[in-house]
Amino acid sequence: MQATSATLDKPALATRHGAGRPRTLLAGLVLIALLIGAGALLPKWLTFLLTMAASHGLVSLGIVVLMRCGVVSFGQGMVFALGGYTAALLFNRLGMTDALGMALAGGLVAALAALLVARLIAGYRGIFFAMLTLALSMVLYGVLVKTDAVGGSDGFNMGRATLLGQALPDASVGYLLYAVTIGLSGVLALAARVYFDSTRGLVSLAVRENELRVEYLGGSVRQAVAANFVIAAFLGGVGGALTVMSLGHIDPNFSYWTSSGEFVFVAILAGYHSVLAVFIASTLLEIVRSFSSLYFPNTWQLALGIFLLLAIRFLPGGIGSLWAGGKIKTGGGGRP
């Protein structure tokens, strides 16, 4: 009860969270610039790994947005696939080649699809919310596998994207896609941080703590969950489009349950306290998976499982709790 009241106390919390916002945004922009600059000095295999970590981290950030409302989506692969297929189809069928345009289009299509079912899904909680989102993702997977117009189970390739109308040269195509992915993911991550610190973002935390108290104070729990679901879909769609542009291929496995499971893995590892922690967790996943596949090709999933168990055992609040846990008080007994 007390945690929820503090969360909804606008003068106390919103002012405190907003006080350091300019410094946070400035630090974020500096970090983005440093990462883009450092990418020019990194080997190609590492820039590709970081590109995948950033685009996948953006998808997992969508799950974190939902976690702040107290729900977890096991169907984030659905919007990941929608964003990827949108970018690939725009490239192959409509001739749209600009990387930024395709990424934003992927996010918008995913958000529109989520908007159609957001009010329905927002009425469920716990395992029912998780299973319903998983079911939607698997329905899309089944449709994609059976649809020959989009390549069926094999999927299809897409060509090289352009940037602001300029073709990407062979020598630096990997770095430029890395820069686009880091830049766009970073800007959206900063936007998510602003949203978390806003009044609506703080209401999301109140929903997580005590839905009944939020309703008594005049808030709409269903509206808060539905809004976060659409935001999560947009982030997932952009992440899917960025991933496809780097891979040059799309297939129905983007929507398979194992893809959603990896995004949930990152969200749990990161926790819901920090945006930066999501991308750190995504990078750790890519590193563990890459090196485990190299040295333990038949048991890399076991290595991931052990890594997650250790993280849950020693960091139950996620990586973000190391530096942000003290700012947000939560109580397990607050929910009705």
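The values are calculated or read from the model by the stated rules, or taken from the named source; none is laboratory data. The structure presented is a predicted model; accordingly, all values stated were derived computationally and were not measured. Backbone-built Cβ (ideal geometry, glycine too); neighbour counts: all protein chains shown. We work out accessible area using only protein heavy atoms, side chains counted, and drop any ligands, DNA or RNA first. Shrake-Rupley method; radii C 1.70, N 1.55, O 1.52, S 1.80 Å.
Count of region 288-306 residues, restricted to those that are within 24 Å of Leu66 (Cα to Cα) and either out of contact with any helix residue (DSSP H, G or I) (no Cβ under 9 Å at 6 or more places or on another chain) or without any contact (Cβ under 8 Å) to a residue 24 or more places away in the chain (or both), is 1. All of (1) in contact with a Gly (Cβ under 7 Å, 6 or more places away or on another chain); (2) at positive phi; (3) not aliphatic (A, V, I, L, M) hold for Gly83 with one exception: (2).
Say we look at region 269-280 and pick out the residues that are at pLDDT below 90 and assigned to a helix (DSSP H, G or I); which of these is surrounded by the most Cβ atoms within 10 Å (Cβ to Cβ)?
Filtering region 269-280 for residues that are at pLDDT below 90 and assigned to a helix (DSSP H, G or I), the one surrounded by the most Cβ atoms within 10 Å (Cβ to Cβ) comes out as Ala270.
Being of a type in the set (Val, Ile, Thr) and crowded, with 21+ Cβ neighbours inside 10 Å is a description that applies to Val59. The residue that is nearest to the chain's Cα centre (by Cα), among those in region 200-228 that are under 22 Å from Leu115 (Cα atoms) and of a type in the set (S, T, N, Q), is Asn228.
Here the condition is being assigned to a helix (DSSP H, G or I), out of contact with any Cys (no Cβ under 7 Å at 6 or more places or on another chain) and open to solvent by less than 50 Å² (accessible area, probe 1.4 Å); of Phe291, Phe263, it holds for Phe263 alone. Considering region 194-226, and only residues there that are in contact with a helix residue (DSSP H, G or I) (Cβ under 8 Å, 6 or more places away or on another chain) and of a type in the set (Phe, Trp, Tyr), the residue that is most open to solvent (accessible area, probe 1.4 Å) turns out to be Tyr195.
Filtered by the rule that a residue be of a type in the set (Lys, Arg) and touching a strand residue (DSSP E or B) at 6+ places or on another chain (Cβ under 8 Å), region 141-162 gives a lone residue, Arg160. Restricting region 167-187 to residues that are open to solvent by 30 Å² or more (accessible area, probe 1.4 Å) and in contact (Cβ under 8 Å) with a residue 24 or more places away in the chain, the residue that is nearest to Pro22 (Cα to Cα) is Val187. Looking at Leu309, Leu285, Leu315 in this structure, which one is in contact (Cβ under 8 Å) with a residue 40 or more places away in the chain, open to solvent by 30 Å² or more (accessible area, probe 1.4 Å) and not basic (Lys, Arg)? When all the criteria are applied, what remains is Leu315. Listed by first and then second residue, the pairs linking a residue in region 190-209 that is at negative phi and touching a residue at least 12 places away in the same chain (Cβ under 8 Å) to a residue that is open to solvent by 40 Å² or more (accessible area, probe 1.4 Å) and among the β-branched types (Val, Ile, Thr), with Cβ atoms under 7 Å apart and 6 or more places separating them unless they lie on different chains, are Arg193/Thr24; Glu209/Thr330.
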